[in-house]
Amino acid sequence: MKILHLCDSLNPAGLGGYESYLHYLSQQLAERGHESIVVTQAAKRDSSEFIDNEHYRVYYLKGNLLEARKWEFFSLSEEERERVVDEMFNPDDLTLNVDALNQKLSQLIRTVNPDLIHAHSPYVVFNRVLERIREQNEFKDLPMIATIHGRPKPLILPGGKQTTDYDAFVDACPFNLILAVSKNVEEVLEHYLTERKRSIPVRTLYLGIDLSVFYPQPDASKQWDIAFLGRLESMKAVDLFPEMLSLLKSDFPSLRFLMTGEGSLRNQLLDDFERKDVSDMVDYLGVVNTEQVPNLINQSRVFIYPSREEPFGLSILEAMACGVPVVTTNVFGPSEIITNNVDGLTVPPDNVRELVRAIVTLLQDKRLREKIGRNGRKTVEAKFDIKIHYDELIRTYLKLIKEK
């Protein structure tokens, strides 16, 4: 079976979120004799046409360079953005981009000849491209499914129209089936679809972790007391970290905090560490290779993920699979993963003192850390093994192919 995976955007800074998911899913598919092809928009003007990874090839389609211009825009300061936004973007950019991508993707589909198209969070661009492709008699019977990996977020389209990514997704929704990464995402999606009178089936399919990659390493030396591996964005509540470390410093003057990732709050965060006089407690490694992640987690005593908004929480599962106790928030996706005080600790969002209290509880009690770590591993084995996810996904693929 040949699956063509589509993503509006892959972060050029490195793997994370559904990029990581696609990486490990493609490996699982390859081991069972299936082929994965990943297609996304080029995030740089000089992007290669494709890059071969061990288990899959990624094609980069340039369109009208809208995606490349987006990332150039994000690299600017807020002041610079306001000055150049009208020069960098045109009101008809989205239409022109869809036109250009329609031609390229249609040509690629003819060449690759996939059995099925699986789009991942195609909120704005590839949902519109696929709607065009669906209208072509040549591809009208090609099964198409979408997995929505996030919760609704505000969106400004070229031309200045303000909407949400869910509204933009429902506007063009040519899919036979929509998969949601959590029950919360499923409920919100069904609300948006019902409002637009669209009758597309939606169901939850939890993501999974490769337990042969993420597993406890009992002999690993604990170099860090606390670890965070993720995007440096407001929704992840990383802006709480300077105050968190300041509150911990008096009781744990030698505490070491590992932080990886990239994002719009990076520079502000590093400046705030300096202002709070806690920068000497922080080891910031930037973007790390996927292969490094299990070792970094295992070298940490406590993993934190205090998101304000979290549709699911793959990073949480990765830490649990490694037997490292997790402190996260009791919102949306995490609340479907963790049972508080059993296989992790949950705290209210935006409450730095409760976050610190939970961290202190774990740092001061090795037996509790080990107990919660063991329980976390058991939870992932029982519910979030990627093989469970893979088996259900394959059944879904085969059912759609059979019905076409």
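The values are calculated or read from the model by the stated rules, or taken from the named source; none is laboratory data. Note that the structure is predicted; figures quoted are calculated from it, not measured. Neighbour counts run over all protein chains shown; Cβ positions are idealised from the backbone, glycine included.
Might you let me know whether region 315-334 holds any residue that is surrounded by fewer than 19 Cβ atoms within 10 Å (Cβ to Cβ), touching a residue at least 12 places away in the same chain (Cβ under 8 Å) and among the acidic types (D, E)? Don't jump to the end; show me each part of the working.
Quick first cut of region 315-334, residues surrounded by fewer than 19 Cβ atoms within 10 Å (Cβ to Cβ) only: 330.
Subsequent filtering for residues that are touching a residue at least 12 places away in the same chain (Cβ under 8 Å) retains 330.
From the residues that got through so far, the ones that are among the acidic types (D, E) too are none.
No, there is no match, as no residue in region 315-334 is surrounded by fewer than 19 Cβ atoms within 10 Å (Cβ to Cβ), touching a residue at least 12 places away in the same chain (Cβ under 8 Å) and among the acidic types (D, E).
Does V124 meet the test of being out of contact with any strand residue (DSSP E or B) (no Cβ under 6 Å at 6 or more places or on another chain), crowded, with 17+ Cβ neighbours inside 10 Å, among the hydrophobic types (A, V, I, L, M, F, W, C) and in a helix (DSSP H, G or I)?
Numbers: out of contact with any strand residue (DSSP E or B) (no Cβ under 6 Å at 6 or more places or on another chain): yes; crowded, with 17+ Cβ neighbours inside 10 Å: yes; among the hydrophobic types (A, V, I, L, M, F, W, C): yes; in a helix (DSSP H, G or I): no.
So V124 fails the test.
Can you work out which of the residues in region 13-47 that are closer than 14 Å to N289 by Cα and assigned to a loop (DSSP other than H, G, I, E, B) is modelled with the highest pLDDT?
Looking at the filtered set, the residue picked out is G17.
What residue, among those in region 50-78 that are farther than 22 Å from S121 by Cα and of a type outside the set (A, V, I, L, M, F, W, C), is modelled with the highest pLDDT? Explain how you work it out, then say what you get.
Looking only at region 50-78, we keep the residues that are farther than 22 Å from S121 by Cα, and these are 52, 54, 75-78.
Next cut, of a type outside the set (A, V, I, L, M, F, W, C) only: 52, 54, 75, 77-78.
Values: D52: 92, E54: 89, S75: 81, S77: 79, E78: 76.
By that ranking, first place goes to D52.
Looking at region 230-258 only, could you name the residues that are among the small types (G, A, S), modelled with pLDDT of 95 or more and not in a loop (DSSP other than H, G, I, E, B)? Give the derivation first.
Of the residues in region 230-258, the ones among the small types (G, A, S) are 230, 234, 237, 246, 250, 254.
Remaining after also requiring modelled with pLDDT of 95 or more: 237, 246, 254.
Within region 230-258, just S246 meets the criteria.
Does any residue of region 344-359 turn out to be closer than 17 Å to V181 by Cβ and touching a residue at least 24 places away in the same chain (Cβ under 8 Å)? Outline the logic, then answer.
At the first step, the residues of region 344-359 found to be closer than 17 Å to V181 by Cβ are none.
No, the conditions are met nowhere in region 344-359.
Restricting to region 63-96, what's the tally of residues that are part of a helix (DSSP H, G or I) and under 24 Å from the mean Cα position of the chain (by Cα)?
Residues of region 63-96 part of a helix (DSSP H, G or I): 66-74, 78-88, 93-96.
Subset that is under 24 Å from the mean Cα position of the chain (by Cα): 66-74, 94.
Residues meeting the conditions: 10.
Which one of the conditions (1) more than 21 Å from the chain's Cα centre (by Cα); (2) under 30 Å from E54 (Cβ atoms); (3) part of a loop (DSSP other than H, G, I, E, B) does D283 fail to meet, given that it meets all the rest?
(3)
Whether any residue in region 197-205 is in contact with a helix residue (DSSP H, G or I) (Cβ under 9 Å, 6 or more places away or on another chain), assigned by TED's automatic domain parsing to the domain that holds D350 and more than 21 Å from L25 (Cβ to Cβ) is what I want to check.
Scanning region 197-205 turns up no residue that is in contact with a helix residue (DSSP H, G or I) (Cβ under 9 Å, 6 or more places away or on another chain), assigned by TED's automatic domain parsing to the domain that holds D350 and more than 21 Å from L25 (Cβ to Cβ).
From the residues in region 140-152 that are among the aliphatic types (A, V, I, L, M) and closer than 15 Å to S9 by Cβ, which one is surrounded by the most Cβ atoms within 10 Å (Cβ to Cβ)?
Just the residues of region 140-152 that are among the aliphatic types (A, V, I, L, M), to begin with: 142, 144-146, 148.
This time we only want the ones that are closer than 15 Å to S9 by Cβ, so: 146, 148.
Numbers: A146: 28, I148: 26.
That would be A146.
Of everything in region 97-118 that's in a helix (DSSP H, G or I) and in contact with a strand residue (DSSP E or B) (Cβ under 9 Å, 6 or more places away or on another chain), which residue is farthest from P174 (Cα to Cα)? It would help to see each step written out before you state the result.
Within region 97-118, the first condition is being in a helix (DSSP H, G or I), and the residues that meet it are 97-112.
The next check asks that each one be in contact with a strand residue (DSSP E or B) (Cβ under 9 Å, 6 or more places away or on another chain); those that pass are 97, 100-101, 104-105, 108-109, 112.
Values: N97: 18, A100: 19, L101: 16, K104: 18, L105: 15, L108: 19, I109: 16, V112: 20 Å.
Across region 97-118, the extreme among qualifying residues is V112.
Restricting to region 183-200, and then to whatever is hydrophobic (A, V, I, L, M, F, W, C) and over 15 Å from P311 (Cα atoms), can you tell me which residue is surrounded by the most Cβ atoms within 10 Å (Cβ to Cβ)?
Step one: of region 183-200, the residues hydrophobic (A, V, I, L, M, F, W, C) are 185, 188-189, 193, 200.
Narrowing the set further to residues that are over 15 Å from P311 (Cα atoms) leaves 193, 200.
Working: L193: 19, I200: 16.
This residue is L193.
Just the residues that are touching a strand residue (DSSP E or B) at 6+ places or on another chain (Cβ under 7 Å), surrounded by fewer than 18 Cβ atoms within 10 Å (Cβ to Cβ) and of a type in the set (A, V, I, L, M), please, taken from region 31-78.
Across region 31-78, the qualifying residue is only I51.
Can you spot a residue in region 308-316 that is among the small types (G, A, S), under 29 Å from Q28 (Cβ atoms) and at pLDDT 95 or above?
Applying the first criterion (among the small types (G, A, S)) to region 308-316 yields 313, 315.
Those left that are additionally under 29 Å from Q28 (Cβ atoms): 313, 315.
Going one step further and asking which of them are at pLDDT 95 or above, we end up with none.
Scanning region 308-316, I find no residue that is among the small types (G, A, S), under 29 Å from Q28 (Cβ atoms) and at pLDDT 95 or above, so the answer is no.
Can you confirm whether D350 is part of a loop (DSSP other than H, G, I, E, B) and assigned by TED's automatic domain parsing to the domain that holds R377?
Working: part of a loop (DSSP other than H, G, I, E, B): yes; assigned by TED's automatic domain parsing to the domain that holds R377: yes.
So D350 passes the test.
Please verify whether T111 is farther than 24 Å from E403 by Cα and among the polar types (S, T, N, Q), treating the condition exactly as stated.
Values: farther than 24 Å from E403 by Cα: no; among the polar types (S, T, N, Q): yes.
In short, no.
Could you figure out which of (1) at pLDDT 95 or above; (2) of a type in the set (D, E, K, R); (3) surrounded by fewer than 17 Cβ atoms within 10 Å (Cβ to Cβ); (4) farther than 30 Å from K249 by Cβ isn't true of R377?
(3)
Exactly one of these conditions fails for V213: (1) β-branched (V, I, T); (2) in a loop (DSSP other than H, G, I, E, B); (3) at pLDDT 95 or above. Give me its number.
With respect to (1) β-branched (V, I, T); (2) in a loop (DSSP other than H, G, I, E, B); (3) at pLDDT 95 or above, V213 is out only on (3).
Filter region 294-335 down to the residues that are closer than 20 Å to L255 by Cβ and aliphatic (A, V, I, L, M) and list them by number.
L296, I297, V302, I304, A319, V324, V326, V327
Does F312 qualify as being aromatic (F, W, Y), within 16 Å of the chain's Cα centre (by Cα) and either surrounded by 23 or more Cβ atoms within 10 Å (Cβ to Cβ) or not in a loop (DSSP other than H, G, I, E, B) (or both)?
Working: aromatic (F, W, Y): yes; within 16 Å of the chain's Cα centre (by Cα): yes; either surrounded by 23 or more Cβ atoms within 10 Å (Cβ to Cβ) or not in a loop (DSSP other than H, G, I, E, B) (or both): yes.
Yes.
Going by what's in this entry, would L155 be described as surrounded by fewer than 21 Cβ atoms within 10 Å (Cβ to Cβ) and touching a Lys or Arg at 6+ places or on another chain (Cβ under 9 Å)? Let's see the steps before the verdict.
Values: surrounded by fewer than 21 Cβ atoms within 10 Å (Cβ to Cβ): yes; touching a Lys or Arg at 6+ places or on another chain (Cβ under 9 Å): yes.
So L155 passes the test.
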